[in-house]
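Everything on this sheet refers to the single structure shown next.
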Amino acid sequence: MSRFAIVNANIITPIDINSPSKGENQGNVMQVKHMLVEDGFIKLLTNDFGVLPECETIDLKGALVTPGLIDPHTHLVHGGSREREIPLKLQGASYMEIHHAGGGINSTVIATRRSSKSQLKEKALEDLKHMLSLGVTTVESKSGYGLNLEDEIKTLEVSNELDDIQSLDIVHTFMGAHSIPQEYKQDSQRFIDLVTNEMMPLIKDRKLAEFCDVFCEDGVFDVEQSRNILQKAKEFGFKLKIHADEIVSIGGAELAAELNAISADHLMAVSKQGIRDLAKSNVIAVLLPGTSFYLGKNYAPAREMIANNVPIALASDFNPGSCPSDNFQFIMNLGYLYLRMKPEEVLTACTLNAAYAIDRASDRGSLTEGKIADFVVWNSENLEYLMYRFGKNHVKQVWKDGKKVYEGN
Ligand code: IZC
Ligand code: ZN
């Protein structure tokens, strides 16, 4: 048996009460000094040094320890980049104007289709290494830049193969309904049929993805199309996610609640009714403040959601078009400063609620006895400092399954 104890640390963790933390409990954390790890699992949390068994001890001298960060929304696997869109953006072109002019997602589709599996893998591997160095131990990864059978499969194969060759755990999402590709522009229903009748059964059969997501947005997939796609996905046994009310309020949050999706993501333009519907459901609101930052848009109404008992998770949305950054620590800064969430609420959103948003809270997301020992040791003694001192990597060490997998400085 391998056994060691982290001692004299400032361990801060959300408290898992077997449901996502919301409302007044969104920032419900506990603070403890010592943690015993056995065979990769958390065995004991205690303030009483005397109850620890004889074993190797690592004295952290007051350093902050949190659960490993969980990024529950990324478009990790993609070819190319979109820096050439910036001058257009600066001249006033909106995300959707660039999208409809054939730029945006479709330009990444071209680059992704042209990339080989090994090229995609190498590129994403670099990004995963960067995420790990920033304290992320589990990440969700969507397809959606193949948009034909072969290239959607290719992307998901890359995502699955990446899981085996580096330290982070990856949760895979099929997002064939990310955009209507150019070749189906005149007949979107034929593309939807391809997604639901050909892609879904094969991807399910080959166990390439656990979740299905759709870009429910004005000018992309409307509410009725999104409902049809997600209902089919549910029949195939996918768990549901939805890009909801990112740019225009069209009822994406309401649809997420109606379909009992695991998460509704973005919600920058969510309606009052949408918030009420989410509050009555079990859906997690996954907010992506990096996208608001990069698009120069408003931030999702996080405080209103917390006041209405909607559980909040945060994610990077890492993608080449609306958030070309995988820096989850910056997302924490934005959560504090622009979503106006308290540091403890941000921590819960980036760990426990993020775990719920990818259906992984049974074994991670908090430092709880019996969960896997994924944790971060920070070059800080408190949580507030991380969220205040932005632009610097504060990670001292990252531990995954009880093993040190990254050492910072
Ligand atoms: O490539 O633009 N919003 N999907 C929905 C994205 C942004 C990714 C992209
Ligand atoms: Zn997204």
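Taken one residue at a time, the phi angles of the range 29-38 give Karplus couplings (6.51, -1.76, 1.60, θ = phi - 60°) of 10, 10, 10, 8, 9, 10, 9, 9, 10, 10 Hz. Gly and Pro are set to x. The range 263-289 and the range 170-231 have Cα centres lying 21 Å from one another. Taking each residue as 0.36 nm, the span from Arg303 to Gln273 lengthens on full extension beyond its C-alpha to C-alpha distance by 9.2 nm. Annotation for the range 334-409 versus the range 123-137: alpha-carbon center distance of 14 Å. The gain in end-to-end length when the Arg206 to Ser81 segment is fully stretched comes to 42.1 nm, 0.36 nm per residue minus the alpha carbon separation. Neighbours of Thr137, meaning other residues whose beta-carbon lies under 15 angstrom from its beta-carbon, give a summed charge of -2 when Lys and Arg score +1 and Asp and Glu score -1.
Rolling a 1.4 Å probe over the protein heavy atoms gives the range 69-357 an accessible area of 35 Å² per residue.
Distances between placed amide hydrogens fall under 5 Å for Tyr145 paired with no residue 5 or more residues away or on another chain. Annotation: the range 55-169 has a Kirkwood hydrodynamic radius of 16.2 angstrom, from the mean reciprocal C-alpha pair distance.
Considering only Asp265, Asp317, Asp193, the Gaussian network model of the chain with Cα springs below 10 Å gives its largest mean-square fluctuation to Asp193. Shape analysis of the range 69-357 based on the Cα gyration tensor places the equivalent ellipsoid semi-axes at 25, 22, 20 Å, largest first. Database remark: amide H of Thr57 closer than 5 angstrom to the amide H of Ala5 (H placed geometrically; neighbours at sequence offset of 5 or more, or on other chains; Pro and chain starts carry no H). If you wrap the range 183-283 in the convex hull of its Cα atoms and look at it from every side, the mean projected area works out to 6.2 nm².
Considering only the range 69-357, what is the antiparallel percent among its DSSP beta bridges, to the nearest 5? The answer is about 5 percent antiparallel.
On full extension, the segment bounded by Asp164 and Ser116 gains 15.4 nm, given 0.36 nm per residue less the C-alpha separation. Cross-link check: pairs Lys61/Lys400; Lys207/Lys404; Lys61/Lys403 evaluated at a Cα-Cα cut-off of 25 Å; pairs beyond the cut-off: Lys207/Lys404. Karplus-based coupling profile of the range 57-63, in residue order and whole Hz: 10, 10, 8, 8, 6, x, 5, with θ = phi - 60° in 6.51 cos²θ - 1.76 cosθ + 1.60 and x standing for Gly or Pro.
Applying the criteria of a DSSP loop state and at most 11 other Cβ atoms within 10 Å to the GluC sites (Glu not before Pro) of the range 26-118 yields Glu54.
As a fraction of the 1.4 Å probe accessible area of the chain, surface on carbon and sulfur atoms comes out at 48 percent.
The values are calculated or read from the model by the stated rules, or taken from the named source; none is laboratory data. Keep in mind that this is a model prediction, so the values were computed, not measured. Backbone-built Cβ (ideal geometry, glycine too); neighbour counts: all protein chains shown. These area figures cover heavy atoms from the full protein model, side chains too; ligands, DNA and RNA do not enter into them. Shrake-Rupley method; radii C 1.70, N 1.55, O 1.52, S 1.80 Å.
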